[in-house]
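Notes to accompany the following structure.
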Amino acid sequence: MAEVHPYANFARTSLSSAYKVVQKQIWMDQSFVNLMTAMETLYSFMSVADNFIDWKLNILQQNIKTILLQTVECATLISYYAHWGFAVRVLQGMHSDYARTCKRLIQGLDDLRANFETGIGAQPVFVSCRTYGVVAETSTNQILDRLTPAEMHGSEHLECLPGTCQELLGRIISWATDINSQQNVFWLHGVAGSGKSTVATTVAKYLGEMHRLGAFICFNRSFADCSHPSRVIQTLAHKLGTFDKRIGKAISEAMEGYPGLKDASLPTQFTKLLIKPLSSLASLQNEGAIVVVLDALDECGSDTTRGSLLQVLKTQLHQIPSYIRILITSHPLNDIRRALEHQEVHQECLNANSEDISAFFHVEMTKIKEMDQSLPLDWPGDEKIDGLTSHACGSFIWASTAVKFIREYTPTRCLETVLASYTTEAQTALNQLYKTILESAGQWSVQDFVVDFHNVLSIILAARRPLTTSAIDQLLSVSQIQGSAHILSCLCSVLSYDLDNPAVPVQILHPSFVDFLSDTKRSGQDAWYIDKDTSHKDLAIACLKRLYTKGLKKNICNLTLGCQDLKSEDLAEDITYACIFWVDHVLATADSSIVLVVPYIEEFLPKHLLHWFEAMSILGKSQETIKHLESLCRQIPVSEKSYQNLHAFILDAWRFAWQFAAVIEEHPLLVYHNALPFARKNSLTYKKFYNHELCAKVIGWQHSWYPMLLRVMRHMDRVESVAFSPNGTHIISGSDDNTIHVWDASTGIQVLPPMQGHQDWVQSVAFSPDGIHIVSGSDDKTIRVWDASTGTQVLLPIQGHQGAVQSVSFSPDGTHIVSGSADKTIRVWDASTGTQVLPPIQGHQGAVLSVAFSPDGTHIVSGSYDNTVRLWDASTGTQVLSPMQEHQDCVQWVVFSPDGTHILSHDVGDIWLIWDTRTGLLSTSYHISNFPSFLTVVTGQWIVDQPQNKTLGKVPSHIRCLVSASWGTLLAIGCDNGKVIVIDFPPLLYASSETIGVIPSGVRDQNDGAFISEEESFTPVVEKENSMF
């Protein structure tokens, strides 16, 4: 039944409660026994008819709805009957009234069953258990009209879509019909656009059909006069009086006895027009609830003009008779909260969900499609609706505004505009909404309020993650008395802020509010404008000041070296945030403002660098200090003479972090006991912080940093291929253990689980040009395409080669994949489908070891075991030039120059040759320096910067290096022993170094924590004679 109509849930709940009441009754009037029998007969018939209800559903839709409403009404009468008890019913003479009501309800149930049985489309009649009495209607209405009620209806409001908000609607209806509830006020609050008015409108409709809607008042600030607080009580009295003639008579009599009542104070009006007339009608207590809906109370005047009304609600609401139920919706403004937060009020927060908004878009897009017959039948499609839902971010305001914009002109074009960005039309509505909220939020003529607003909102907008009010206050260095709460309490409609639970972080609920505040054209007032760059600068300074002033110290958590139970909760929230994000905010600061932050960095680092390392270890983020310091080093302009000392100190700290991050990560206190004593004696970090009285002394240690940095990762077997992502942040490696690994290039940390699927050695791996996908080729003769962010396969294995796949590469536009195989062929595949787009390219007499596309994607170059290099037309597969045959060994690596005019090839004998792609001949004029800067490992494991003809270092002879790849000054080496070694040659040090020295043995393997042995260390070299060029 719940699938037939949303009222079914209400009916089921009410009926269940009624039967529980019946079971507890020892004695019951025969009239109620007859009522229960009639209900049982009706539902038994409907149960039997369930097999054929589908084909009669359209005809009986209204009938079924009325049956469900009648069920709720019968259950309500039973509950009220049981509530009063036998003695009260006898003393007050209720039996005869209940008997007459039961008789009417039974007849109504019989009529509904007859309609349902015959399938006749006659209009079903709902029978209420309420009796309205007979009064002099004309005279009463004339008196009530003196109240001059305001037009405050919700006729333009939307209702909830079928199947949405059912749980909330059920709770509200249950609250309204529960005679035992001691809370006769239900406050539904939520942020702008969460759907409060939609829920209120739906509830009003349901209650109206049940004859229980006493009044529905919708406030709207656009109609200031109608929504003025002074008119609320009179309008409410008028609506109640016209709803029930008995109430109308009582109110009119009160007005006749007090001629100036309509001009009296609000407390007097509330007492004379509502409390006394309603309390005088004892008979209404037996007929169930009468519900009043007050929608958008926050739009009733301003926070100053509605003060009197809210005071009345706060002090006199409890005097309203219990059969009057009041549903109030509003933004969670502070003044409304103070008025309603007491024991007689039930409150809930409305949070819109994506399912309801998606349903809204489905319905509205269908309406648009029905209006515009030119639209395709499948328009706009699930993907577009999902995009709209995502853009809405839980805001029905955004959703409804977007729908209006799409409907107004060309739906297809407008839909794309909405999905591309916030449109001007949509923003206009949102801008007006936010202006309205802010205008009512505070006293903008008071400079102190404006300053506080900017300080608090700047932190909220710039914060990398939501902060609690306590953390915000600490970063602002203000007490709770004058803290952020007084600002936040004014902005509850656009911020997620819980006054009762300060541990809940403050969040901006919709990104459009951020855009509004950070765009002067949208906000329109300087008082509301928040400059993002300035916000980051201010928050960076706030973080540094907080850490410097009573924030960090040695052994901040009173740990011992034996303590292994380290929890980030041991640090205060503001300290945690400042430690993790201060560098981020410095980096986000505009270049023109960095000069304002530098003094705080100069003050902080020389005093608290080691304390910061300790804190980051407690937080489990020691490795992040490496990236932070590297980024900071790049941000501080070394060209500025005044910054050179600071730059040198940060660079030294970076080297310290590189060397000891793994050690510090094991235990925070090791930064003092292990890392610092083993730091280079001439390093700035050692000189600044080492204290021979407090630190262990190490004899015979190196005095200076080695300018080469090292990370080591490990496979379970030999590494056959390594490659960098397009932006150099990640490294992929393929191995004889049949897996592909993805590593963080800066830290060596494995960022994804091993990619498993190949059944044999992985010979080649490569990133797509956009870094989104990874392609791999294997000895299992297959090619596989993977999602680089998740490690999942995006295509079925690509099959076709008859031998091991030795090399794979993407085309420059990422649409094709080229592969070379031991079957002596080259093949080209569609990267999105895996289908072969050309016949096998044949010509090599041996295994194809390397393939690559030209920069413009028109040609393919290949290197083979047959010692030749060949050039092919990528669109036809035909060979363009004669084979290039100067190599004496198999060609294991080929690459195009950036302009596509030359090819660089390398064979296993470490011979490098440059070919002219126009002639196929060796080039004598094109130098290797014209190729992008790359580092290589050649025979004897020498590390060479080929374009600069610089020998940088030597890999120990016992490590057989199979492959290498480079990006900038990073070199990744795949080794026979399963290791992936990443060497970083920092540009600032690299520029001044002729040779690169030894990496000491105290570097940990990122996977198993094992130290690199002494003989595995990189050895210092003297510049060797380089005869390659």
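The values are calculated or read from the model by the stated rules, or taken from the named source; none is laboratory data. What you see is a predicted model; the values in this text were computed from it and never measured. Glycine also receives a Cβ, built like all others from the backbone with ideal geometry; neighbour counts cover every protein chain displayed. Accessible surface areas use protein heavy atoms only, side chains included; no ligands, DNA or RNA. Shrake-Rupley method; radii C 1.70, N 1.55, O 1.52, S 1.80 Å.
The table for this structure:
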| quantity | calculated |
| --- | --- |
| Selection count, the stretch 785-821, where residues are part of a strand (DSSP E or B) and not β-branched (Val, Ile, Thr) | 12 |
| Count of residues meeting criterion [open to solvent by 60 Å² or more (accessible area, probe 1.4 Å), assigned to a helix (DSSP H, G or I) and among the charged types (D, E, K, R)] in the stretch 511-538 | 4 |
| The listed residue being in contact (Cβ under 8 Å) with a residue 60 or more places away in the chain and buried (at least 21 other Cβ atoms within 10 Å of the Cβ), out of Ile618, Ile650, Ile664 | Ile618 |
| Matching residues in the stretch 794-807 - criterion: being open to solvent by 70 Å² or more (accessible area, probe 1.4 Å) and either closer than 24 Å to Leu752 by Cβ or under 36 Å from the mean Cα position of the chain (by Cα) (or both) | Leu796 |
| Qualifying residue in the stretch 344-366 (condition: under 30 Å from Leu309 (Cβ atoms) and hydroxyl-bearing (Ser, Thr, Tyr)) | no |
| Qualifying residue in the stretch 817-828 (condition: among the hydrophobic types (A, V, I, L, M, F, W, C) and under 25 Å from Gly909 (Cβ atoms)) | yes |
| Condition met for Thr549 (open to solvent by 10 Å² or more (accessible area, probe 1.4 Å) and modelled with pLDDT of 85 or more) | yes |
| Count of residues meeting criterion [in a loop (DSSP other than H, G, I, E, B) and among the hydrophobic types (A, V, I, L, M, F, W, C)] in the stretch 307-334 | 2 |
| Residue check for Leu499: buried (at least 16 other Cβ atoms within 10 Å of the Cβ), touching a Lys or Arg at 6+ places or on another chain (Cβ under 7 Å) and in contact (Cβ under 8 Å) with a residue 40 or more places away in the chain | yes |
| Verdict on Val719 being within 14 Å of Gly978 (Cβ to Cβ), modelled with pLDDT of 95 or more and open to solvent by less than 40 Å² (accessible area, probe 1.4 Å) | no |
| Enumeration of residues in the stretch 376-396 that are surrounded by 12 or more Cβ atoms within 10 Å (Cβ to Cβ) and not in a loop (DSSP other than H, G, I, E, B) | Lys384, Ile385, Asp386, Gly387, Leu388, Thr389, Ser390, His391, Ala392, Phe396 |
| Selected residue (criterion: nearest to Ala662 (Cα to Cα)) from residues of the stretch 746-760 that are in contact (Cβ under 8 Å) with a residue 60 or more places away in the chain and either outside any loop (DSSP other than H, G, I, E, B) or hydroxyl-bearing (Ser, Thr, Tyr) (or both) | Thr747 |
| Sole exception among (1) farther than 16 Å from Cys160 by Cα; (2) open to solvent by 60 Å² or more (accessible area, probe 1.4 Å) for Ser354, by number | (1) |
| Per-region count, the stretch 676-696, residues closer than 20 Å to Ile556 by Cα, modelled with pLDDT under 85 and surrounded by 15 or more Cβ atoms within 10 Å (Cβ to Cβ) | 2 |
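Yes or no, residue by residue, for (1) closer than 30 Å to Asp866 by Cβ; (2) of a type outside the set (D, E, K, R):
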| position | (1), (2) |
| --- | --- |
| Trp761 | yes, yes |
| Ile783 | yes, yes |
| Asp787 | no, no |
| Thr792 | no, yes |
| Val808 | yes, yes |
| Ser811 | yes, yes |
| Ser821 | yes, yes |
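Residues are listed down the side, and each one gets a yes or a no for (1) farther than 19 Å from Ser776 by Cα; (2) at pLDDT below 95:
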site: Ile841; (1), (2): yes, no
site: Gln845; (1), (2): yes, no
site: Val851; (1), (2): no, no
site: Leu871; (1), (2): yes, no
site: Gln892; (1), (2): no, yes
site: Leu904; (1), (2): yes, yes
site: Ile914; (1), (2): yes, yes
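Here is a yes/no grid of residues against (1) without any contact (Cβ under 8 Å) to a residue 60 or more places away in the chain; (2) over 30 Å from Leu274 (Cα atoms):
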site: His318; (1), (2): yes, no
site: Ile324; (1), (2): no, no
site: Ser330; (1), (2): no, no
site: Ala359; (1), (2): no, yes
site: Lys369; (1), (2): yes, yes
site: Leu375; (1), (2): yes, yes
site: Cys393; (1), (2): no, yes
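To keep it simple, each residue is scored yes or no on (1) closer than 23 Å to Pro898 by Cα; (2) open to solvent by 10 Å² or more (accessible area, probe 1.4 Å); (3) part of a strand (DSSP E or B); (4) β-branched (Val, Ile, Thr).
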position: Asp780; (1), (2), (3), (4): no, yes, no, no
position: Ile783; (1), (2), (3), (4): no, no, yes, yes
position: Asp823; (1), (2), (3), (4): no, yes, no, no
position: Val828; (1), (2), (3), (4): yes, no, yes, yes
position: Gly834; (1), (2), (3), (4): no, yes, no, no
position: Gln845; (1), (2), (3), (4): no, yes, no, no
position: Ile860; (1), (2), (3), (4): yes, no, yes, yes
position: Gly863; (1), (2), (3), (4): yes, no, yes, no
position: Leu871; (1), (2), (3), (4): yes, no, yes, no
